[in-house]
């Protein structure tokens with residue numbers, strides 16, 4: 001079973017919730033994999049201190065021009081949606097870091113002057129932290145787009161585990177890539193105008209994916225009750241509310257998990273998993 | 001000699017547009033006959049690679065030089081590799097700048113004078129950050 005943790009807004013507590021859930025599951029003798037899909041800024045490792053056992057480069061195919069064949073016809077440049085190839089009357093210039101690896105240019109070249117070479121954009125790492133199987137992706141600095149790394153992470157997920165996918169924030173391509181074939185999505189929000197605004201965007205996104213989902217309200221006792229009103233109006237399932245607890249913040253500031261430091265939260269996460277399990281089976 | 005100049009409007013009386021990729025008009029002018037065409041920049045609303053697209057567009061006009069305010073690394077790369085001289089730091093009236101160019105008062109740049117996304121304004125998005133002014 002794959003459970004994705006997402007939110008429109010950054011800083012709502014995706015990683016905190018994902019790790020607490022993973023930790024409670026692993027302690028309950030459930031085989032659990034935590035996957036940090038926020039490959040632009042993965043930080044789950046700070047809490048888990050995993051031992052990395054395997055790592056693998058992730059590359060995308062970018063064009064290499066054979067100037068002995070190229071006629072400067074410009075077809076490769078025309079088809080490129082990302083302006084990664086410029087063709088002028090004198091030469092062809094490839095910007096490999098703008099290339100998304102779609103392969104369009106290879107196909108349209110009428111004289112087969114384009115071959116594919118690998119452009120490494122990042123890495124995936126697989127390891128262990130206690131009972132939790134750990135995976136993360138890292139996008140290299142200066143590289144423009146992350147979905148191929150997330151795709152590679154997902155290819156390596158152990159099939160029998162309960163997998164917790166820690167998504168990047170927002171509603172764009174990397175998020176869709178991270179959450180799109182999960183069995184359940186937890187949308188995290190907070191009761192502030194920013195939280196509500198971004199929750200609405202996330203709900204629109206998840207409804208299009210047609211995956212069962214529930215709302216987790218973090219720091220539920222701050223702000224106003226607009227989130228609750230919105231959830232009622234849209235008939236959304238609020239699966240857990242976590243208060244703005246100073247003890248959680250203290251644990252967090254030491255790189256520790258709430259469920260390890262404050263036992264009363266263990267049951268909350270167990271119940272959360274039960275609810276999700278039931279929702280997935282229905 | 002044919003050169004391209006970035007311009008805020010379509011006549012020789014207009015002011016130079018300081019940005020390259022997202023300039024309003026490219027004025028392509030033959031400095032001997034002073035015949036010119038003004039091309040409305042088709043890439044103004046594109047989200048990325050605007051400098052590259054603009055460089056490709058004017059390089060296709062078989063110009064020998066570009067005169068503009070600022071030119072970023074990607075556009076510079078395309079123009080440079082196509083053997084086109086890049087002159088940055090130009091400002092004022094287009095016709096005056098052409099006079100200055102003809103009199104040999106403008107110097108070509110060896111390097112791009114701004115980082116990527118310099119003229120992108122709002123909505124450029126994440127990324128870039130390759131530094132600001134490179135003197």
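Go through the stretch A:1-35 residue by residue and tally those that are out of contact with any helix residue (DSSP H, G or I) (no Cβ under 6 Å at 6 or more places or on another chain) and closer than 23 Å to residue A:192 by Cβ.
8
In the stretch A:235-257, which residues are over 24 Å from residue A:204 (Cα atoms) and not in a loop (DSSP other than H, G, I, E, B)?
A:246, A:247, A:248, A:249, A:250, A:251, A:252, A:253
Of the numbered conditions (1) at positive phi; (2) without any contact (Cβ under 8 Å) to a residue 12 or more places away in the chain, residue A:170 satisfies every one except a single condition; which is it?
Against the list (1) at positive phi; (2) without any contact (Cβ under 8 Å) to a residue 12 or more places away in the chain, residue A:170 comes up short only on (2).
Which of the residues spanning the stretch A:68-84 are in contact with a helix residue (DSSP H, G or I) (Cβ under 7 Å, 6 or more places away or on another chain), at pLDDT 95 or above and surrounded by fewer than 23 Cβ atoms within 10 Å (Cβ to Cβ)?
Of everything in the stretch A:68-84, those that are in contact with a helix residue (DSSP H, G or I) (Cβ under 7 Å, 6 or more places away or on another chain), at pLDDT 95 or above and surrounded by fewer than 23 Cβ atoms within 10 Å (Cβ to Cβ) turn out to be A:75, A:77, A:79.
For residues in the stretch B:70-101 being within 13 Å of chain A (Cβ to nearest Cβ) and part of a loop (DSSP other than H, G, I, E, B), which is nearest to residue B:116 (Cα to Cα)?
The residue in question is B:72.
In contact (Cβ under 8 Å) with a residue 40 or more places away in the chain, surrounded by 20 or more Cβ atoms within 10 Å (Cβ to Cβ) and more than 30 Å from residue A:112 (Cα to Cα), is that true of residue A:17?
yes
Are there any strands (runs of 3 or more DSSP E) wholly within the stretch A:53-144 with 2 or more residues that are without any contact (Cβ under 8 Å) to a residue 24 or more places away in the chain and within 14 Å of another protein chain (Cβ to nearest Cβ), and if so which?
A:85-87
With A:87, A:111, A:58 as the choices, which residue is surrounded by 15 or more Cβ atoms within 10 Å (Cβ to Cβ) and over 21 Å from residue A:40 (Cα atoms)? Before you say what the answer is, go through the steps one by one.
Numbers: A:111 fails: surrounded by 15 or more Cβ atoms within 10 Å (Cβ to Cβ); A:58 fails: over 21 Å from residue A:40 (Cα atoms).
None of the others qualify; the one that does is A:87.
Going through the stretch A:149-173 one residue at a time, which ones are assigned to a helix (DSSP H, G or I) and modelled with pLDDT under 95? So that I can check it myself, show each step before the final result.
First pass over the stretch A:149-173, keeping only residues assigned to a helix (DSSP H, G or I): A:149-155, A:173.
Once the filter is applied, which keeps residues that are assigned to a helix (DSSP H, G or I) and modelled with pLDDT under 95, the stretch A:149-173 yields only A:173.
The values are calculated or read from the model by the stated rules, or taken from the named source; none is laboratory data. Everything numeric in this text was worked out from a predicted model, so none of it was measured. Cβ sites come from the backbone with ideal geometry, for glycine too, and all protein chains shown count toward neighbours.
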